[in-house]
Amino acid sequence: MSENKTVEILLIEDSDQDAELAIRALEKSNVANEIVRLKNGEEALDFIFGKGDYEHRSVMNQPKVVLLDLKMPKVDGLEVLKEIRANEATSKLPVVILTSSKEERDVIKSYELGVNSYIVKPVDFKRFTQAVSEIGLYWVLLNQKP
Amino acid sequence: MQFSFIEWLNQLTDSEFMPHGMCYLWQPATLWSNVLGDGVTALSYFLIPGLLVYFVQKKENLEFKGVFWAFAAFIISCGVVHVIGMVNVWIPLYNLSGFLKIVMATVSLGTVILLYLKLPEALTIPTPGEIEIVNQQLRGEIAQKESLQKELEKKAEELQNTIDALKEVQSIAKIGTWEVDIEEMQCTWSDEVYRIHEVPQGTPINVEDGINFYREDYRPIIEKAVNKGISEDASWDEVCVLVTQNKREVWVRAIGHPKYENGELKKLHGLFMDINDQKIATDKLELRERQLQLFVQQAPVAVAMVDHEMKYITASNKWYKDYGIEGKKIIGRSHYDIFPEIRKMKEWLEIHKNALNGEGMSREKDRFARADGSIQWISWKIIPWYMNPGEIGGIIMYTSDITNQIQYQEKLENLNEVLEDQVQKRTEELNNANKELEAFSYSVSHDLRAPLRSINGFADILEEDYKEVLDDEGKRLIGIIKSSGVKMGQLIDDILSFSRLGRKALQKTDVDMNLVFNEVMRELDKGESEFKLAKLHSVKGDLSLLKQVVTNLVSNAVKYSSQENKSVVKIESTQKDNTIIFSIQDNGTGFDMKYHDKLFGVFQRLHSEKEFEGTGVGLAIVKRIITKHDGEIWAESEIGKGSTFYFSLPLT
């Protein structure tokens, strides 16, 4: 993977199945050409802040939107969100939580940390596909980055 | 020869001589001068003894009466001689004359002898001068005696006055004196003793009478005292009851002493007093004192009274007990001698001083460090007491030993602390358990959902991507996989919301149930049901939870009526006492009241999945929410005729 190529959507998702379903939905709706999927929070932070395996990546080169799962091994989604918002360069990066959790405390905590949107993955695949396509459409095509 | 008096007389008068006148030659001058001289002398000599006899007779106590008689005889004999001398002038009776002269001589000589013998005695007879001196002395003595006499009389008068006064005093003081003659066993009583016995004065009384005046129970005492007085020389002082002549009972005091004369016991004497009034007054006072003492001693509080020198006057038994001074003699002793530790407690000394100056004080809880090192907790009140208005006699101290109370309190506090610790520990454990549960449900909500989505998603993809390859049976099977996945998702959601209810705190507000029902009905209305909504009461409750209740019940009503031609759902509310009862009635399939118990259990269903879809959690959630609101839920039904679900909510 070219280290400084433009990324439109960064998908951080530990479940391969969910990731596959999400990518399939995004590809199907033709909203994004460049999708990067990472498997956990640690990897995500390295990618965003140009550390570890991604040390040659520029911090200035950020995706149009980050789709972030909450429950992940090592570093979870809320921590990733916290780091993103704590750093000036990434503080305005659009982050959408895409999770199975309907827990109120997760929702509240996420908004407290400054998430742009919180989407609960629908169990029903049709609705899931629809939801992911709409997210992609909105953030990649409609939303104006700061 | 026999003596003859006549013959002797004849011889005396017989004369042969010439008359003596012859010698005078009858010369008248010589003759008459001698005769007259003799005559006058003789007359005088006869008169003198007469006067002497007269004198002697008049002077009764005259001494030397014999001498006077001798003089009288001597002078008479001289007179007789002079008379015979005159006779001899004319008649010569010289023998007689001689005889008479011898008689005269004898008498004269006798007188001389008598005089001589009496002379020394006569010399002691004072002269008038001496007598005068003696007389003067005598007069002085007499005067002195007279003044002494007067003084004596005055003294006697005074004595009489004193005796009278004494009698009066005796009468007023009702004290009398008595005496008993031991030989005669007879009593001598003073007036007052008679009066006390109510016996007429002067009535003779013997010892037995006297003793019988005492009341029967006192007689042995007095008898014994009297006997001891006689036999053992002992005095007595007894207080007894006397029964007077008028049968009146009187308290008396009898004092007696033995009385000796010349070392021999002769009498008993003493005092007798009527002490009835004093005795009754004293008895009353003593009774009052005893009552007060008893009252104080038996008081169930620790109370003590001290004088202005802090010396104990009285104290209750509890006072002794509370301060561990039982058996100690404290009355009359200083508070600070009984509790020397207080001498070092400046604050208390100050409080006592203030109380003695009229300023009472009290305290709910005070620490008393005892001399033996122990600590006593007391609550106390100190007030002054007044001898006369304005004159403080001392202070009264009330105290209550609250040591046990304080200890209990401390124990309780310790226990509370332990309990609090335990509660905290339990709460922590509970919180941990809750956290674990939350983590569990979080996992369930997240992790169970993800594979479910995969099942659904990939089944979808399979159906989509392999549409051409799959026959109808294959498509039907994929459909089963998909609907099962959806159902499982629903089940997970229901379980999660049910478990979430348990830990969610109610957020109560005023809830307009009309709005809630209207909103729910709008959401559920598919045009298949007719809703009949009456005007409903408002309640206090958690809006979102109550909405869930209404949603579940109304959707049930609609669901179980779906097989009817026209389902009618009737909603009403009534107030009963302090609760509002809501009812949701449908005309649906109903249920067997036999299974009423299972209606509100989790995963309990009365209908098959085929008949009516459902997870069996909805009514369990409803029951849980209503119970959390302190309400109740129940249902009535008849198969084929519909069901009515009721739930009640408290007004406040």
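Counting only DSSP beta bridges with both residues in chain B, the antiparallel share comes to about 95 percent. Peptide B:109-122 shows a mean partner chain C-beta count of 0 within 10 Å per residue C-beta. Sorting B:42-48, B:384-390 by their mean Cβ neighbour count within 10 Å, with the most densely packed peptide first, gives B:42-48, B:384-390.
Which percent of the accessible area of the stretch A:9-140 is formed by carbon and sulfur heavy atoms (probe 1.4 angstrom)? Walk me through the numbers before you get to the answer.
Numbers: 2690 of 5890 Å².
Carbon plus sulfur share of accessible area: 46 percent.
Taking the accessible area of the stretch B:206-310, probe 1.4 Å, and keeping the other protein chains in place, the carbon and sulfur fraction comes to 51%. Going by alpha carbons, how many degrees (0 to 90, nearest 10) lie between the helix axis of B:65-90 and the longest principal axis of chain B? Result, in degrees: 20. In this assembly, the A-B interface accounts for approximately 2100 Å² of buried accessible surface in total, computed with a 1.4 Å probe and without ligands, DNA or RNA.
Comparing the full protein assembly with the isolated chain, the residues of the stretch A:53-80 losing at least 40 square angstrom of accessible surface (1.4 Å probe) are A:Lys71. Largest first, the residues B:Leu271, B:Leu36 sort by 1.4 Å accessible area into B:Leu36, B:Leu271. For a paramagnetic label modelled on B:Lys540 (point 7 Å from Cα along Cα→Cβ), amide N atoms under 14 Å away belong, within the stretch B:614-652, to B:629-631, B:649-652. Taken as Cα centroids, the stretch B:83-110 and the stretch B:353-397 sit 135 Å apart, rounded to the nearest whole angstrom.
Under the combined filter of DSSP loop state and at most 16 neighbouring Cβ atoms within 10 Å, the stretch B:448-493 retains these GluC sites (Glu not before Pro): B:Glu468. Look at the Cα gyration tensor of chain B: its axes a ≥ b ≥ c give a/c of at least 1.5 with a/b over b/c, and that counts as prolate. Give me the angle, in degrees from 0 to 90, between the Cα long axis of helix B:128-173 and the longest principal axis of the Cα atoms of chain B, rounded to the nearest 10. Value to nearest ten degrees: 20. Rounded to the nearest 10 degrees, the inclination of helix B:618-628 to the longest alpha-carbon principal axis of chain B is 20 degrees.
Packing, as the average of other Cβ atoms within 10 Å across residues, places the peptides B:485-495, B:418-428 in the order B:485-495, B:418-428, highest first. Counting only other chain Cβ atoms within 10 Å of each residue's Cβ, the peptide A:10-19 averages 2.
Counted residue by residue at 0.36 nm each, then reduced by the alpha carbon distance between them, the extension gain from B:Met345 to B:His308 reaches 11.4 nm.
Under the combined filter of DSSP loop state and at most 12 neighbouring Cβ atoms within 10 Å, the stretch B:307-401 retains these GluC sites (Glu not before Pro): B:Glu309, B:Glu326, B:Glu359.
Would you mind giving the mean number of other chain beta-carbons within 10 Å of the Cβ of each residue in A:20-27, as a whole number?
That average works out to 2.
With the cut-off at under 20 Å, measuring from each backbone N in the stretch B:266-300 to a point 7 Å along the Cα-to-Cβ line of B:Asn246 picks out B:273-281. Between B:Trp26 and B:Leu491, the contour length at 0.36 nm per residue exceeds the Cα-Cα span by 144.8 nm. Interface residues of the stretch A:98-132, defined as a loss of at least 40 Å² in heavy-atom accessible area between the chain alone and the complex of all protein chains with a 1.4 Å probe, are A:Ser100, A:Lys102, A:Glu103, A:Arg105, A:Val123, A:Phe125.
Residues in the stretch A:72-146 average 52 Å² of solvent-accessible surface per residue, probe 1.4 Å, ligands and nucleic acids excluded.
Classification of chain A by its C-alpha gyration tensor yields a rounded form. The axis ratio a/c (a ≥ b ≥ c) stays under 1.5.
Using heavy atoms of the protein chains and a probe of 1.4 Å, the accessible area assigned to B:Phe71 is about 70 Å².
Interface residues of the stretch B:433-481, defined as those losing at least 40 Å² of solvent-accessible heavy-atom surface relative to the isolated chain (probe radius 1.4 Å), are listed as B:Tyr442, B:His446, B:Arg449, B:Arg453, B:Phe458, B:Asp460, B:Ile461, B:Glu464. Measuring from centroid to centroid over Cα atoms, what is the spacing of the stretch B:454-495 and the stretch B:265-326 in Å? Spelled out, the Cα-based centre of one part sits 109 Å from the other. Think of a 1.4 Å ball rolled over the protein heavy atoms: chain B then has 63 Å² of accessible area per residue.
Net charge of the neighbourhood of B:Pro126, taken over other residues with C-beta under 14 Å away and scored Lys/Arg +1, Asp/Glu -1, is -4.
For the stretch B:29-135, applying the loop criterion from DSSP together with a ceiling of 13 other beta carbons within 10 Å to the GluC sites (Glu not before Pro) yields B:Glu60, B:Glu63. Under the shape rule built on the C-alpha gyration tensor, where the axes satisfy a ≥ b ≥ c, the stretch B:475-521 is oblate, since a/c reaches at least 1.5 while a/b does not exceed b/c. Distance from the C-alpha centroid of the stretch A:86-146 to that of the stretch B:497-561: 31 Å, rounded to the whole angstrom. What FRET efficiency do you get for B:Leu9 and B:Lys118 if R0 is 45 Å and r is their Cβ-Cβ distance, rounded to the nearest 0.05? Given R0 = 45 Å and the Cβ-Cβ separation, E is 0.80. Nonpolar atom fraction for the stretch B:409-566, defined as the carbon and sulfur part of the 1.4 Å probe accessible area, stands at 54 percent.
The values are calculated or read from the model by the stated rules, or taken from the named source; none is laboratory data. Given the structure is predicted, the values throughout are model-derived calculations rather than measurements. Virtual Cβ from ideal backbone geometry, glycine too; neighbours counted across all protein chains shown. For the accessible areas, the whole protein counts, side chains as well, though only heavy atoms, and no ligand, DNA or RNA atoms are used. Shrake-Rupley method; radii C 1.70, N 1.55, O 1.52, S 1.80 Å.
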